[in-house]
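Okay, so here's the structure we're looking at.
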């Protein structure tokens, strides 16, 4: 029997995702590249695709 994944559905807080041991696609390299570039970015992605969670990751890194 397959073990169900502990997905962060409806959760937009990176801190909660980590504390609750949820599954998270690590985009550390992409976030690092984004921070190192001084150009503005427009985050255009479909609904429910993790935009708010990505912004939460950025806020956590920059604290």
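Give the relative contact order (percent, whole number) for the chain; include only Cα pairs under 8 Å separated by 6+ residues.
RCO, the chain: 42 percent.
Using a 7 Å offset from the Cα along the Cα-to-Cβ direction at both residue 63 and residue 25, what is the distance between the two label points in nm, to one decimal?
Taking the two extended label points, one gets 2.5 nm.
Rounded to a whole number, what is D in µm²/s for the chain from Stokes-Einstein with the Kirkwood radius over alpha-carbon pairs (25 °C, 0.890 mPa s)?
188
Only residues of the stretch 28-50 count here: report those whose backbone N is under 17 Å from the spot 7 Å along Cα→Cβ of residue 9, or say none.
Under 17 Å, as judged by backbone N against the label point of residue 9, lie 47-50 of the stretch 28-50.
None of the figures in this text is laboratory data; all of them are computed from the coordinates on show. Note that the structure is predicted; figures quoted are calculated from it, not measured. So basically every Cβ, Gly included, is an ideal-geometry build from the backbone, and we count neighbours across all protein chains shown.
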